[in-house]
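Inspection log for the structure reproduced underneath, given as structure tokens.
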């Protein structure tokens, strides 16, 4: 079955609100193997809405519309539904009771415009809304399903989960194929290098599809397998994952939608290890990422942000001669910072970064984007050089990500260099 | 001029990635008075892409496409452009130099597939990409503009800002009416309280529109005036701004799209003042925000993230008796932390936060969302209590924002309490 999701609302078009509704519905439909062929956003305008209704019903089995069902003047979706299906509004007793109860519970008086919300097009079955006053509509015509829901995310999501998905599941013909997906999250390797390392993709994938999704945090690889038999699909995807891991496994930090700081936090917690962080150029970002994790006080002891040279010396006991000989942005200072922060904190691990994030601060031999990351555990103290790009905020994020990856690889015994 | 925004990518359709690109472009086009009539998302599939190209060019003056320009096999947008416009690929020397430089700067080897990215359809002008390797394309045909950009958000956004918007501005016909807009950014006051304080809106606005856009950082008020005469529009909006400021002026921290940390950083730089920050519950977020500002080393001296009690005592000389009597999350500890961090750093100002961000860590008298913010300058040391919500990440952001607002108000002599 193919589906089209329509979102109605000017606020989405002008970029004031993100279209989280379409993303949520897309995910829910994908989970029950309905193929989302298209999503679109149209303004609160009758002509545009009717045109979109018409064009999408031709190509799809399922159409899901959200938005424009509220009680005020700019909510015109129900009117468009009536016009499009050549039907008329009729009172719906069940829905009216819901609306009345909604106001009673809150000790509020019901208004005329709220009562009007209990009118439902004759052609439609009303979908009850336990979290608000606008009912949804379920319309079936010529083997096509047309569903209209309010745009308020927590009302819509509840109606999708409790009514729309179970109903659609019933309507889905016996499955003639199964979709299995895995996401492999990598960091520290570019999309093109990853592509090269994987070699012959046709051979690797054997009919499956592979998508590369790059961001400043790394490249996500998504593998999708279709097969008539569920077990075969599962085995196929397992085989492909093994092949990919044998080629680029050490760059893969997660196969859930888990971010790197969560992976590092989990390993630290499991092993009962503590960490302290000394940041210069990232200015607190690494500590902020680690302390976003609930329960981080188990492994995160303290951090220092030694922006000035004086603070590097006073807080971390970085050698003043080293600072003047090599400069604050150097391999040696990164190493000493990591050693220093581990020393003052009494933690198992010490992590440190120093660099030039730009746009100012570069010199002839130290360009913008240069960063050094230092790492110490009870056995070794090491540091590594990185060269990132021009943008200050991206450089901070990339440096932080590389630093966390250095911790992950050290903990798992994966070498950092090629 | 009417515009249609097309996003290409399965990851958006299946709800794995939010369509932030369409939102960003929608906002940028709206800012220069281009009317966004529709946005749509289609899969990485030639037939769907070509069909969408065709249908949108009929109804619009401007089409902006993002996604599917990467170097790998599943990136088919360029191929579709070639087919749709009956053109062919040709090497583009300028773009090839960009790609080569991109790799050279990073000390990486260029691969064959990256070189191929420098091929641009003959009908198109290449749009240079300063943050990545895939160039964009600008195509003009029969008075319509067709723009294709990579889907990586920070590459796309830079190309929109530096190339697409200035070019489109030039193409916009002479205006027969003028739109003036101001954004007044507030923090520390809720939407409903702001609404109440403004009083009679009809009288205040006199035909203009006012939108409230709340987020965890505060409430943005956007005022829009339409008028046939540019000067009249400008005067009208100036009058409305004055009226609003007379009622809620002290909550307004910016009338540009400037965030609070930039405002604070600017005042500190202008006055040649330095600050040091001690964070417990925000875990480095405040320092990260301040050091996102280029040139922050002028005013930001150092920070400490004293997550453990030991670190509060060792680094900030917080009194151990105070800690055991009042607990780490208390007014007194916040004050001592601010005093301590100012003392060890020798800065003009000291800022400190301690709190319970959740979901764990609450006790019967200290609920999740409780935060204390301490602030010291050469004259006074003070602390203030705040109560935020349930969500850990939102609580961190709200605490950080309140702390920065405390600095802003202290610097400007605006009382914090009602």
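The numbers here are math on the coordinates, done by the rules we state, and not lab data. Since the model is a prediction, treat every value here as computed from it, not as a measurement. A quick note on method: Cβ atoms are made from the backbone with ideal geometry, for glycine too, and the neighbour counts reach across all protein chains shown.
Listed values, structure above:
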quantity: Degrees separating the helix B:392-412 axis from the principal Cα axis of chain B, which is the longest one; calculated: 70
quantity: Alpha-carbon spread of the protein assembly as shown, three principal axes, descending order, Å; calculated: 81, 67, 57
quantity: Pairwise FRET efficiency - residue B:229 versus residue B:128, Cβ, R0 = 30 Å, nearest 0.05; calculated: 0.15
quantity: Largest-first principal axis extents, alpha carbons of chain A, Å; calculated: 85, 56, 42
quantity: Least to most buried among B:193, B:307 (fewest other Cβ within 10 Å first); calculated: B:193, B:307
quantity: Residue B:116 versus residue A:364: modelled label distance in nm, points set 7 Å from Cα along the beta carbon direction; calculated: 4.2
quantity: Compactness of the range A:2-171, expressed as Rg and Dmax over alpha-carbon positions, Å; calculated: 15.2, 46
quantity: log10 of Debye I(q)/I(0), alpha-carbon scatterers only, for the range A:198-345 at 0.11, 0.13, 0.18, 0.20 Å⁻¹; calculated: -0.63, -0.77, -1.04, -1.15
quantity: GNM result for chain A, Cα springs below 10 Å: residue of A:286, A:49, A:179 fluctuating most strongly; calculated: A:49
quantity: Spatial separation of Cα centroids for the range A:297-356 and the range A:24-103, in angstrom; calculated: 58
quantity: Zero-based 5 Å bins, Cα pair distances in the range B:146-221, whole percents; calculated: 3, 11, 15, 13, 12, 15, 13, 12, 6, 1
quantity: 0 to 90° range, to nearest 10: angle between helix A:331-345 axis and chain A longest Cα axis; calculated: 80
quantity: CD proxy at 222 nm, helix term only [per DSSP H run n ≥ 4: -39500 (n - 2.57); per residue of the protein assembly as shown; nearest 500]; calculated: -12000 deg cm²/dmol
quantity: 16 Å cut-off, amide nitrogen to a point 7 angstrom out along residue A:393 Cα→Cβ, residues in the range B:1-41; calculated: B:20-25, B:27-28
quantity: Residue order, fewest to most surrounding Cβ atoms within 10 angstrom, among A:414, A:344; calculated: A:414, A:344
quantity: Under the Debye formula (equal points on every Cα, no solvent term), log10 I(q)/I(0) of the range A:262-412 at q = 0.14, 0.21 Å⁻¹; calculated: -0.59, -1.32
quantity: Computed E for residue B:206/residue B:140 - FRET, C-beta separation, R0 60 angstrom, nearest 0.05; calculated: 0.90
quantity: Helix A:260-271 axis, angle to chain A major axis (alpha carbon atoms, nearest 10°); calculated: 70
quantity: Pairwise centroid distance, computed over Cα atoms, of the range A:117-141 with the range B:110-161, Å; calculated: 45
quantity: Across the identical copies, how the residue B:267 labels are spaced - nm, sorted shortest first, 7 Å along Cα→Cβ; calculated: 4.3
quantity: B:137, A:156 arranged by Cβ crowding within 10 Å, fewest neighbours leading; calculated: B:137, A:156
